[in-house]
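The values are calculated or read from the model by the stated rules, or taken from the named source; none is laboratory data. Here the structure is a predicted model, which is why all the values come from computation and not from measurement. Reconstructed Cβ throughout: ideal geometry from the backbone, glycine too, with neighbour counts over all protein chains shown. Keep in mind that these areas ignore ligands, DNA and RNA; they rest on the heavy atoms of the full protein, side chains included. Shrake-Rupley method; radii C 1.70, N 1.55, O 1.52, S 1.80 Å.
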Amino acid sequence: MKKIVWPILTAVHFLAVCGGSFFLFLQPVSFEIKILLWVSMWGLWAAGIGSYLYFRNQYVKYSRGVCHYAQEIMNGNPCAEVQNQETLTSKMVMELQKTGEILEYKARAAEKEKAETQQMVSDITHQLKTPITNIKMYGETLCEENLSKNEERQFIQIILQQVDKLEFLIESLAEMSRLESKMLHMHPENCKLIQTVSRALDTVRSRADEKKMELQVDVRPTIEVSHDSKWTAEALGNILDNAVKYTQSGGKITVSARNLEMYVVISISDNGIGIDPGHYNRIFQRFYREAKAAKTEGLGIGLYLARQIITLQGGYIKVRSKEGYGTEFEVFLPRRAA
């Protein structure tokens, strides 16, 4: 289309100048003035055509350069020779380079998210397989075998335990999904920390009593912090649940809190089996369980959820441990709402 329009416009302009020249020579002015005006008219026409051709050539040259450098960037070449020049091409190349880096980062993030999703599906399948297999096996046994009343009752109790485990797993996975999809929102309010700690302790008190464990609380009633009490209690409850699981009968768990300049720190310590320092970061991963903890029933979700909940409130969790001597988790909550 452009190849047709350009000759037409040029012809129209040429005819307009010719018509103007003819009209000019019909005017009752001196011949010298006519020649001067005629030369000026054709000179302006020639200058316009020349300027157009020059800038069109520059534009085509610039476009080809940008396309060339864009292709080079797509092929992974940095084009360093033009990036430090004070030219329009240099600026365009730098912007293309930034765009390429952003797209590459997003592509890597998408691949990582895809791999994490696949791993999560694999982990969920593995976690669901055990209770479902147990329920099926004991259910088939109940149907096929001639069992005594005591054996039937025992098998039914096992099935109910597996159903409870399955229900707990599904609820935990639902919470994890809401956290990861940003569907879960914290609603921080300035309230007494002792209320949150007490709510968390209530979730483990019966199991601690069964193991004859001592629960010691050292949280001043005056300590207040802006936080979501419900979800923070769940995070603390998950940490306390681990402390009860991995501390021997007759052990001791201590919960304390103190004010810092920018944070309120909640400390949960026990004298249980401890954690290898090399596993400090891995224990917060989804479904991760240390080898020596494999014999104890669990899913490896509690600490992961705890860190997610605290992180959403602008806080963080630290851990210190010594194998055979116990573990201490420190939960840092910002004194100002995140």
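Taken over segment 218-270, the residue count meeting the criterion of being farther than 20 Å from Pro188 by Cα, among the β-branched types (Val, Ile, Thr), open to solvent by less than 20 Å² (accessible area, probe 1.4 Å) and more than 29 Å from the chain's Cα centre (by Cα) is 4. The residues of segment 193-217 that are among the basic types (Lys, Arg) and open to solvent by less than 70 Å² (accessible area, probe 1.4 Å) amount to a single one, Lys211.
For segment 288-308, check the following and say yes or no: at least one residue is within 24 Å of Leu215 (Cβ to Cβ), at pLDDT 80 or above and open to solvent by 40 Å² or more (accessible area, probe 1.4 Å). The answer is yes; a qualifying residue exists. May I ask you to verify whether Thr203 is more than 19 Å from Gly251 (Cα to Cα) and modelled with pLDDT of 85 or more? Criteria not met by Thr203. The number of residues in segment 314-338 that are buried (at least 22 other Cβ atoms within 10 Å of the Cβ) and within 19 Å of Glu261 (Cβ to Cβ) comes to 3. The set of residues from segment 97-142 being over 28 Å from the mean Cα position of the chain (by Cα), modelled with pLDDT of 80 or more and open to solvent by 100 Å² or more (accessible area, probe 1.4 Å) comprises just one member, Lys136. For segment 310-325, which positions are within 27 Å of Gln248 (Cβ to Cβ) and either part of a strand (DSSP E or B) or of a type in the set (Asp, Glu) (or both)? Of everything in segment 310-325, those that are within 27 Å of Gln248 (Cβ to Cβ) and either part of a strand (DSSP E or B) or of a type in the set (Asp, Glu) (or both) turn out to be Ile317, Lys318, Val319, Arg320, Ser321, Lys322, Glu323.
In segment 157-192, the qualifying residues are those that are open to solvent by less than 60 Å² (accessible area, probe 1.4 Å), of a type outside the set (A, V, I, L, M, F, W, C) and touching a Pro at 6+ places or on another chain (Cβ under 8 Å), and the one that is modelled with the lowest pLDDT is Lys165.
Yes or no: segment 223-245 includes at least one residue that is out of contact with any helix residue (DSSP H, G or I) (no Cβ under 9 Å at 6 or more places or on another chain) and free of Cβ contacts under 8 Å to residues at least 60 places away in the same chain. No, segment 223-245 contains no residue that is out of contact with any helix residue (DSSP H, G or I) (no Cβ under 9 Å at 6 or more places or on another chain) and free of Cβ contacts under 8 Å to residues at least 60 places away in the same chain. Among the residues of segment 211-226, the ones that are charged (D, E, K, R), outside any strand (DSSP E or B) and within 15 Å of Lys252 (Cβ to Cβ) come to 2 in all.
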